[in-house]
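In what follows, a single structure is set out as structure tokens and then discussed.
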Amino acid sequence: VIDLPPQPLTALERQVCQEIADRRDELVELVRALVAFDTVAPVPGLGAREEAALQGYLAERLRAGGGDVRLCEPDPALFADHRMIPDGFDFAGRPQLVARFAGAGGGRTLLFNGHIDVVDFEPIDAWAHPPFSGEIADGRVHGRGSCDMKGGVACMVFAAEVLSKTGVRLAGDLLVNTVSEEESTGAGGLVTARTVKADAAIVPEPTELDVWVACRGSLLATITVAGRTGHAGVAPLHPDDGGPVNAIEKLAIILEAIRRLREEWALRPRHPFLSPADCVPTVVEGGEWVVSYPSSCRLECHLEYLPEQADDAGWGANVEREFAEWIRAAAAADPWLAAHPPQVRWQLGGVPPAEVSVENPIVRTALAAIRAIGLPRAGIGGMDNWHDGATLTTEAGIPAICLGPGDLHLAHTTFESVPISELVSCAQALAVTAVRYCGPAERNPR
Ligand SMILES: [Zn+2]
């Protein structure tokens, strides 16, 4: 919890918060409407689901609420060169949306960014409340995406609508941006980074209404260890005499090296808001026949790394080098692996870490706003896993924080839900932050 001078709500802000509280049922209905759209993230070979219908629904609402809406399927050429985007990618059936609530001029531009895609709902039988039902129970909205992050998307849309409908004109622009692809490639956030200008962004991923300023980056490694075939039932010759070499047993040397690297990273100075860098072996495959020495073995690993480990471009080249060197050094101690070094390859799908200074105005404004609406214990934290805000910060230099309703531990589960009380508080916090960050211009009569 950091110290900030208390900044109580102004009369205007109090009125906006009251309006949001009074219309809480409308906010809940908006969350339920969004959950009902099937927007499961695309897997290669499968087309769009109901992304266009959801975006069309939001576009209509935001237009009616006074926003200037742009809804389009971006040209893939915009980022064909980018390492996050697989070959042949396009946005067919998955339009991206930006609504601009123009300010009177002279203020800062604030961007609300949220993703509308969700992860798969299987196993469907495990859900007590069906994934697209949006059922209400125990003061919560249930369903796939309620927490990650259609609840947060509803809050940002609702905050902008209420500000507009209550006649609050801001000095700077308020942008409401909903994207797809966060759970897959990150392409939607990348389009925003390449086409939208803003002074700061808030991504209402589930933070339980804290302000999260940092996230780790990730890398996906494939390590291939070579062996030499032979009959498993026959006493082996020495490898120097052409005898068999067991690739699975050689992999054990690499696994032990990875364990030591994790220990090394865990013992380095801690980041204030993030867990240490890590490398988790996640897939292993090796061997051909139960009576043969395995000729090769393949290991896949998921690496998470800290902002201070990033290279000059903000990406993971330093970590890739450190990892490969660590594996090479471990292999050098084994005669076979020294002569047949394991191959380390990096898969597509790596994403950058990001960090916004706690001194940044958006951090302090948002934190003060949450405290002003009655959550005095709100603090600063980080998200261990990547999110679209990292792309905005890294690629576009737009400082992006997370501030949203719900508990991240419920994301991607079959018991996903979001508390209604946090939806209301989040919409209030976003509205007050917008007023303070963009600056109040004037108040038009209703
Ligand atoms: Zn999310």
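The values are calculated or read from the model by the stated rules, or taken from the named source; none is laboratory data. In this text, all values refer to a predicted model and were calculated from it rather than measured experimentally. When we count neighbours, we look across all protein chains shown, and the Cβ atoms used for this are built from the backbone with ideal geometry, even at glycine. The protein model used for the area step is the full one, side chains on, heavy atoms only, and it has no ligands, DNA or RNA in it. Shrake-Rupley method; radii C 1.70, N 1.55, O 1.52, S 1.80 Å.
At a glance:
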quantity	calculated
Any hit, the stretch 389-397, residues being assigned to a loop (DSSP other than H, G, I, E, B), out of contact with any Gly (no Cβ under 6 Å at 6 or more places or on another chain), more than 16 Å from the ligand (Cβ to nearest atom) and not polar (S, T, N, Q)	yes
Odd one out for His238 among (1) open to solvent by 40 Å² or more (accessible area, probe 1.4 Å); (2) touching a residue at least 24 places away in the same chain (Cβ under 8 Å)	(2)
Flag if Gly406 is at pLDDT 95 or above, in a loop (DSSP other than H, G, I, E, B) and within 16 Å of the ligand (Cβ to nearest atom)	yes
Single residue of Ser417, Ser357 found to be more than 21 Å from Gln18 (Cα to Cα), open to solvent by 10 Å² or more (accessible area, probe 1.4 Å) and of a type in the set (Ser, Thr, Tyr)	Ser357
Among residues of the stretch 84-122, those that are aromatic (Phe, Trp, Tyr), at pLDDT below 95 and touching an Asp or Glu at 6+ places or on another chain (Cβ under 7 Å), counted	1
Tally of residues being more than 27 Å from Pro74 (Cα to Cα), within 16 Å of the ligand (Cβ to nearest atom) and open to solvent by less than 20 Å² (accessible area, probe 1.4 Å) across the stretch 177-213	3
For Ser164: the one exception among (1) farther than 17 Å from Val28 by Cβ; (2) more than 14 Å from the ligand (Cβ to nearest atom); (3) surrounded by 24 or more Cβ atoms within 10 Å (Cβ to Cβ)	(3)
Residue within the stretch 164-181 that is at pLDDT below 95 and closer than 30 Å to Asp81 by Cβ present	yes
Near pairs, Cβ below 7 angstrom, 6+ apart or cross-chain, from the stretch 171-191 (closer than 24 Å to Ala159 by Cβ) to any residue that is in a strand (DSSP E or B) and charged (D, E, K, R)	Asp173/Arg100; Leu175/Arg100
Residue check, Leu430 away from the ligand (no atom under 16 Å from the Cβ), part of a helix (DSSP H, G or I) and open to solvent by less than 20 Å² (accessible area, probe 1.4 Å)	yes
Neighbours by Cβ (under 7 Å, 6+ apart or cross-chain): first from the stretch 55-77, in a helix (DSSP H, G or I); second among the hydroxyl-bearing types (Ser, Thr, Tyr) and open to solvent by less than 70 Å² (accessible area, probe 1.4 Å)	Gln55/Thr178; Leu58/Thr178
Residue ID - nearest to the ligand (Cβ to nearest atom), chosen from residues in the stretch 124-153 that are open to solvent by 30 Å² or more (accessible area, probe 1.4 Å) and of a type in the set (Asp, Glu)	Glu135
Residue match in the stretch 373-387 (condition: part of a helix (DSSP H, G or I) and either without any contact (Cβ under 8 Å) to a residue 40 or more places away in the chain or buried (at least 22 other Cβ atoms within 10 Å of the Cβ) (or both))	no
Residue within the stretch 325-334 that is at pLDDT 95 or above and in contact with a Leu (Cβ under 7 Å, 6 or more places away or on another chain) present	yes
Residue selected from the stretch 283-293 under the condition of a type in the set (A, V, I, L, M, F, W, C) and in a loop (DSSP other than H, G, I, E, B), by the criterion least open to solvent (accessible area, probe 1.4 Å)	Val291
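Table: residues versus (1) in a helix (DSSP H, G or I); (2) under 23 Å from the mean Cα position of the chain (by Cα).
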site: Ala257; (1), (2): yes, no
site: Leu299; (1), (2): no, no
site: Asp312; (1), (2): no, yes
site: Val319; (1), (2): yes, yes
site: Ala330; (1), (2): yes, no
site: Trp336; (1), (2): yes, no
site: Val363; (1), (2): yes, yes
site: Ala366; (1), (2): yes, yes
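Results for (1) within 16 Å of the ligand (Cβ to nearest atom); (2) part of a loop (DSSP other than H, G, I, E, B); (3) free of Cβ contacts under 8 Å to residues at least 24 places away in the same chain, shown as yes or no for each residue.
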position	(1), (2), (3)
Pro86	no, yes, no
Asp90	no, yes, yes
Ala99	no, no, no
Glu122	no, yes, yes
Cys155	yes, no, no
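Table: residues versus (1) touching a residue at least 40 places away in the same chain (Cβ under 8 Å); (2) surrounded by fewer than 19 Cβ atoms within 10 Å (Cβ to Cβ).
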site: Arg262; (1), (2): no, yes
site: Ser275; (1), (2): yes, yes
site: Ser295; (1), (2): yes, yes
site: Arg298; (1), (2): yes, yes
site: Leu303; (1), (2): yes, no
site: Leu306; (1), (2): yes, no
site: Ala313; (1), (2): no, yes
site: Arg321; (1), (2): no, yes
site: Ala324; (1), (2): no, yes
